[in-house]
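Please read the structure below before turning to the comments.
The values are calculated or read from the model by the stated rules, or taken from the named source; none is laboratory data. None of these values were measured; they are calculated from a predicted model. Reconstructed Cβ throughout: ideal geometry from the backbone, glycine too, with neighbour counts over all protein chains shown. These area figures cover heavy atoms from the full protein model, side chains too; ligands, DNA and RNA do not enter into them. Shrake-Rupley method; radii C 1.70, N 1.55, O 1.52, S 1.80 Å.
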Amino acid sequence: MSATTSPALADELETLKSRIDALETKNDQLEARVDELETENQELQARVDTLEADTDQLEATVDDQAKTIESHQADLAESKARVRKLETNYESAQEHRKRLQQQFHELTTDDVATSDDDVTSLSPLQQVVAFSKEAVEKLTPNEKRARYVAKGISDYATKVPAGYTIDSSTISTVLRSKDGESPHTETVSRVMEFLNRFGKDETKLVKRRGTKRVVFTEQAVADLESATSEDTRSITDVVMWWRQ
C-alpha cells in the first residue's frame, strides 16, 4: 500500500472534519441556547415568586378589607338596632304621656271632695300631696315617690336662708327607706324634677358643689305641712298644671 493518502480518502477525511467542525459549532450554539433558556427560566421563576408574593399580599389585604367591611356592617346593624330601640322607647313614652293625660283628664271629671276654688288655690305639689288614695293610684311610680318626699319634706329638708333644701343623697336615703332598696340615680333625678316642676314658683332645682338640690321656700314647706294634715280633705280632682 502507498504510504500517502489517496485523493479520495483525503477528500472524505476533509468532509468528515468539516462535518465535525459544523457539529461542534452547532453544539456550541445549542449549549449557548441552553444557557440562555436557563437564564430565562430563572428570570421567569423569580417573576413567578414575585407574583406569588404579590398574590399572597393581595389576598391578605382582601381578607383584612373583608373583615373591616364585616366590622362596619356589624356596627351599622348595631346602630340601626339602637335607633329602632330609641324610636320604640320614644313611641312608648309618647303613649305613656297620652295615657297619663287621659288619666288626669278622667280625674277632672270625678266628683270632688273640695270646691274648685280650694283646689286651684293649691300648688300642683300641694294637690298631689292631698290626693285621695284613688287619685294616688293613677300617679306614675316616680310621681308617687315625689309625693312621698313632699309629704315629709319638713323632716327631710335642711333649713337654709332661702327656706329649706334637700339634696339628691338625702332623697336617695328617703326612697331607700320607702322602697326597701337603693334607687337608681335616674330615679332620684326624676323625683327631683317632679318636685321642682310641681312646686311651681315655690321650688327651685339647683346644683352646688357638684350636688343637685331642690330648694323650697318656707311658705312652700308650710303649705305642704298643711296639705298633709288630717284636717285637709282629700282631693279626687286634679288641676292639669302642665297646661298652665
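Please compute the per residue accessible area over the stretch 124-241 with all protein chains in place, 1.4 Å probe, rounded to a whole number of Å².
Roughly 52 Å² per residue, with all protein chains present.
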**Message:** Residue by residue through the stretch 167-179, what is 3J(HN,Hα) from phi via Karplus (6.51 cos²θ - 1.76 cosθ + 1.60, θ = phi - 60°)? Round to whole Hz and write x for glycine and proline.
**Reply:** 9, 5, 5, 5, 4, 4, 5, 5, 5, 5, 5, 6, 8
**Asked** Quick one: Karplus J couplings for the stretch 185-198, per residue in order, coefficients 6.51, -1.76, 1.60, θ = phi - 60°, nearest Hz, x for Gly and Pro?
**Response** 4, 5, 5, 4, 4, 4, 4, 5, 5, 4, 4, 5, 5, 5
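Between the DSSP loop rule and a limit of at most 13 other Cβ atoms within 10 Å, which GluC sites (Glu not before Pro) in the stretch 126-193 are left? Please report the intermediate quantities before stating the final value.
Numbers: sites: 134, 137, 143, 181, 186, 193; in loops: 137, 181.
When the GluC sites (Glu not before Pro) of the stretch 126-193 are filtered for loop state and at most 13 Cβ neighbours within 10 Å, 137, 181 remain.
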**Request:** State the extension gain, in nm to one decimal, for the chain segment bounded by residue 74 and residue 11, taking 0.36 nm per residue of separation less the distance between their alpha-carbons.
**Result:** 13.5 nm
**Fill in**
Heavy-atom accessible area of residue 72, protein chains in place, probe 1.4 angstrom, given in Å² to nearest 10, is 120
**Asked** Got a sec to turn the phi values of the stretch 53-60 into Karplus ³J(HN,Hα) couplings, 6.51 cos²θ - 1.76 cosθ + 1.60 with θ = phi - 60°, whole Hz, x for Gly and Pro?
**Response** 5, 4, 5, 4, 5, 5, 5, 5
**Complete:** Once the in-chain neighbours fewer than 8 apart are removed, the lysines whose Cα is under 25 Å from residue 133 read 98, 144, 151, 178, 200
